[in-house]
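S.K.: Structure in structure tokens, see below.
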Amino acid sequence: MIIKNGRVFQEDGTFAEKDLYIEGKRFVSTKEEVIDQEVIDAEGMMVLPGLVDVHSHGAAGHDFSDGDVEGLKEILRYEKAHGITSYCPTSMTLPKDDLLKIFGTIEAIKDEPEAEVIAGVNMEGPFIDPIKKGAQAEENIVAPNAEFFRACNAASGGKIRLVTLAPNMPGSLEFIKEVSDEVMVSIGHTTADYDTALAAMKAGAHHVTHLYNAMPPFAHRNPGVIGAAFDDPECRMELICDGYHIHGAVVRATFSMMGSERMVLISDSMMATGMPNGTYSLGGQAVWMKDGKATLTDGETIAGSATNLYDCMRKAVSFDIPLADAIFAATRNPAQSIGIYDEVGSIAPGKKAHVLLVDDELNLKQVIM
């Protein structure tokens, strides 16, 4: 395949008018390497890498935590259609036997065409702080346990790329030191203070789960997880940029303060994404979604988002995040954080040919993979 006449997003953040060459679902360097010379004319369009969502619970009326193979396929089809070509289904705080079944669905569809969208799995909980549980079920929270994690990872076929924990819970540092060579440990759902969070980062936890949400605020005497993340140059931080979780001014300030190369846009989407207003479920808890905002039945607790990552990237641009920074935060940065940037996250020879064709208003016109 040859994609001609488009403005291709480069690894340095610029756009270049050039032709792209694809053979065997990978980018190649020259036309001579292309056997199937089908031509797609991208005149007047931007050519972007496929997006990478490392934190999403579901979409299209289905939740990964349902443990339903057909439901997972529907989620993956929805994500691909909306420009998310590398996706990490994300679990909730549930009993171990339930989690083993849920992670087993990854293995169950590994030979299905939908599985090409799966970049890994995100294990959010059950190693969290009850005080900052958010929309997670408190009765299923347990202390960090390496064998518990490894059993879940084995059930997924070794696909877990992220695991969230609260570093103030007993056994957290020992857990980080034991598994950080196997998985990216992420700090989240926690009341940890600055010193506790920084100690966790020094032990190997270089990721933060939905920065600002389910953690203490950034205060001038108590900087907490947010301050520790600023002081750890290896740390990347998730932001839910749906317009509900975080104010636009805070999104701008965070990109500026932390550095755009460390920001990871996520959807944190749940099953109501792509669906009409109504009552849905998140990890077994009832959620009411109205006009894109999802809350528990108390009407107060935000319960994931009802927005996909592509729309979160567009929302970041509407908040005056520079286009290149928003694209990087939805492609390169998340890919780097979970260790898959050698395969996806940019347009370069040898990488998987995940391509989005979009117009100047960021309307998605075509997904190629």
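The values are calculated or read from the model by the stated rules, or taken from the named source; none is laboratory data. This structure is a prediction, so every number in the text was calculated from the model and none was measured. When we count neighbours, we look across all protein chains shown, and the Cβ atoms used for this are built from the backbone with ideal geometry, even at glycine. These area figures cover heavy atoms from the full protein model, side chains too; ligands, DNA and RNA do not enter into them. Shrake-Rupley method; radii C 1.70, N 1.55, O 1.52, S 1.80 Å.
S.K.: Quick one: length gained pulling Ser318 to Asp359 fully straight, 0.36 nm per residue minus the C-alpha distance?
M.R.: Extending this stretch completely gives an extra 13.2 nm.
S.K.: What is the distance, in nm, between label points placed 7 Å from the Cα along the Cα-to-Cβ direction at Thr14 and at Ala151?
M.R.: The two pseudo-label positions are separated by 5.5 nm.
S.K.: Could I get the Rg over Rh figure for region 227-352? Both from C-alpha atoms, Rh via Kirkwood, rounded to two places.
M.R.: Using Cα coordinates only, the ratio equals 1.01.
S.K.: Starting from the Kirkwood Rh over alpha-carbon pairs, what translational D in µm² s⁻¹ does the chain have by Stokes-Einstein at 10 °C and 1.306 mPa s?
M.R.: After rounding, the answer is 77 µm²/s.
S.K.: Label points 7 Å out from Cα along the Cβ direction at Asp291 and Glu43: separation in nm?
M.R.: 4.2 nm
S.K.: Which whole-number percent gives the relative contact order of region 265-320, counting Cα pairs below 8 Å spaced six or more residues apart?
M.R.: 35 percent
S.K.: Hey, any idea what % of region 123-242's accessible area is carbon plus sulfur with a 1.4 Å probe? Don't skip to the answer; put the middle values down first.
M.R.: On the way: 2310 of 4550 Å².
C and S atoms contribute 51 percent here.
S.K.: What fraction of the Cα pairs in region 44-185, stated in percent, has a spacing above 21 angstrom?
M.R.: Value for region 44-185: 41 percent of Cα pairs lie more than 21 Å apart.
S.K.: On to the next question. Might you tell me the accessible area per residue for region 269-369, computed with a 1.4 Å probe and given in Å²?
M.R.: It amounts to 38 Å² per residue over region 269-369.
S.K.: Please count, across region 241-369, the pairs of lysine residues with Cα atoms under 22 Å apart that sit 8 or more places apart or on different chains.
M.R.: Close lysine pairs under the 22 Å cut-off: 5.
S.K.: Over region 82-131, what lengths in whole Å, largest first, do the semi-axes of the equivalent ellipsoid take, defined as the square roots of 5 times the eigenvalues of the alpha-carbon gyration tensor?
M.R.: 24, 14, 6
S.K.: Please give me the summed charge of the neighbours of Val287: other residues whose Cβ is under 13 Å from its Cβ, Lys and Arg +1, Asp and Glu -1.
M.R.: Computed value for this residue: -2.
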